[in-house]
Amino acid sequence: GESGRGKTCDICWAIEQLQQNGQPVLFFNGLHIERDIVHAIATEFCWTFGGTDNEITSLKRLARLSRGGEPLIVVVDGIDEWISPSRAQHLSHLIAAAETEKFNLILGCKSSVVNEFLAIRGTPTHTKRLAEVVEIQTISDREFFGAIEKYRRAYAFSGAFEDEVLQEAKENPFLLRVLFDVAHNGNVRHLTFSSVDFFKSYYDRLLENTSDHKKAEIALKEIAGHLYEQNTDWILEDELRTKLRLHLNAEIMSDLFHGGILSRGDLEGAATIGFYFQQLRDYIVSFKIHNFHLKTDNSFRAELEEVVFPSMRGDVITLYYRLASLSHRQILDGHLRENAKAYLDLYVSIIDSEFPAIRSRFRPKTD
């Protein structure tokens, strides 16, 4: 499924059901796998039970130890974030082994990366032949509004939603949690994208959850600024490491991935990095890097000459428009705004002259 669709939540729910039935489960995050899955399993086994078995022997012993004849379940969430040049080959061999051994695999992966595991240089892998691919679709209206009611109870929030917020949250359920979380802690009455306070609160609280606030902020600004400069949604990880001046073995802050700020992807076999929540990226560019809100009208107009729609820069300007001053919005929508105002003036004048006694029957149904 796509980012924010609920893959991890669905996997965790499945694990809970298996555990309730007494079935043994091993859980791994793809981001934390240093070499390969079998090595990760063997390391867990050795830490827990000791011993010097090789990796394959450890896995076979674990599979045989499961009670009641139930297979051992190995869960790996985020195999697309597992950084290994031979990850597709390793997974293919592991799935083939699972056919004859007593263990099963449950894997989570972004839709955009899944084909990498299904074929290598055009040749289908065991993953394609033996694994069942199940894609998480957009949740139904009934499921979505049921989720909203649960969030309302959990966060004790009864405010209204802007229509666009509802639509965006339905496409990206992760956003729903973000909105309620910020609304609850910021005493917000209405959930809308037209509030700078919403994005500022969210941004500040994300940084608070990192081990080094300053370092995290520098990295996020560097990444967002580069994406805007290149007018793209993703940056090659090797290129980013160079821009951040990281040593050969130094890691990009893991907090930024664990906290749902950045996500890893894949571009023709090369690791890429982008933002998990696009609107956060656009806010950082608008208010933390280029400071559009502080620009004069002429300076902002000059900035727009470098923007085309649709594009990554276009997405940034679209978000900024919602939060901009009236003078900056008029630079973007001047002609449309003039037409809309003329339409509104005509509408009001007709109601005032022809239907004054029943004015409240017409939209917006007020006196």
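The values are calculated or read from the model by the stated rules, or taken from the named source; none is laboratory data. Computed from a predicted model, the values in this text were never measured in an experiment. As a convention, Cβ positions derive from the backbone with ideal geometry for all residues, glycine included, and neighbour counts pool all protein chains shown. We work out accessible area using only protein heavy atoms, side chains counted, and drop any ligands, DNA or RNA first. Shrake-Rupley method; radii C 1.70, N 1.55, O 1.52, S 1.80 Å.
The table that follows gives values for the structure above.
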item: Test: residue in segment 268-288 that is of a type in the set (D, E) and at pLDDT 95 or above; result: yes
item: Single residue of N209, N172, N185 found to be open to solvent by 40 Å² or more (accessible area, probe 1.4 Å) and in contact with a Ser or Thr (Cβ under 9 Å, 6 or more places away or on another chain); result: N185
item: Test for F144: is it surrounded by 15 or more Cβ atoms within 10 Å (Cβ to Cβ), aromatic (F, W, Y) and assigned to a helix (DSSP H, G or I); result: yes
item: In segment 266-282, the residues that are more than 18 Å from the chain's Cα centre (by Cα) and part of a strand (DSSP E or B); result: A270
item: Search result, residues across segment 115-140 that are assigned to a helix (DSSP H, G or I) and in contact (Cβ under 8 Å) with a residue 24 or more places away in the chain; result: E116, F117, H126, T127, L130
item: Matching option when the condition is assigned to a helix (DSSP H, G or I) and among the polar types (S, T, N, Q), among S286, S194, S263; result: S286
item: Qualifying residue in segment 272-279 (condition: touching a residue at least 60 places away in the same chain (Cβ under 8 Å), of a type outside the set (D, E, K, R) and open to solvent by 10 Å² or more (accessible area, probe 1.4 Å)); result: yes
item: Filtered residue count, segment 5-24, keeping only those that are in a loop (DSSP other than H, G, I, E, B) and either open to solvent by less than 70 Å² (accessible area, probe 1.4 Å) or closer than 12 Å to V76 by Cα (or both); result: 5
item: Tabulated pairs, segment 76-103, first within 18 Å of L62 (Cα to Cα) and among the acidic types (D, E), second at pLDDT 90 or above and open to solvent by 60 Å² or more (accessible area, probe 1.4 Å), C-beta under 8 angstrom, 6+ apart or interchain; result: E99/L130
item: Qualifying residue in segment 212-219 (condition: open to solvent by less than 20 Å² (accessible area, probe 1.4 Å) and touching a residue at least 12 places away in the same chain (Cβ under 8 Å)); result: yes
item: Long-range neighbours under 8 Å by Cβ, at least six apart or interchain, first residue outside any loop (DSSP other than H, G, I, E, B) within segment 293-322, second surrounded by 10 or more Cβ atoms within 10 Å (Cβ to Cβ) and small (G, A, S); result: H293/S286; H293/A324; H293/S325; D297/S327; V316/S286; L319/S286; Y320/S286; R322/S194
item: Tabulated pairs, segment 13-35, first at positive phi, second not in a helix (DSSP H, G or I), C-beta under 8 angstrom, 6+ apart or interchain; result: G22/E70
item: Cross-chain or 6+ apart pairs with Cβ under 9 Å, segment 356-367 first and within 18 Å of L346 (Cβ to Cβ), then aliphatic (A, V, I, L, M); result: R359/I351; F362/I351
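Table: residues versus (1) among the β-branched types (V, I, T); (2) more than 30 Å from A271 (Cα to Cα).
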position	(1), (2)
E44	no, no
W47	no, yes
L65	no, yes
G69	no, yes
I79	yes, no
S86	no, no
L94	no, no
T100	yes, yes
I106	yes, no
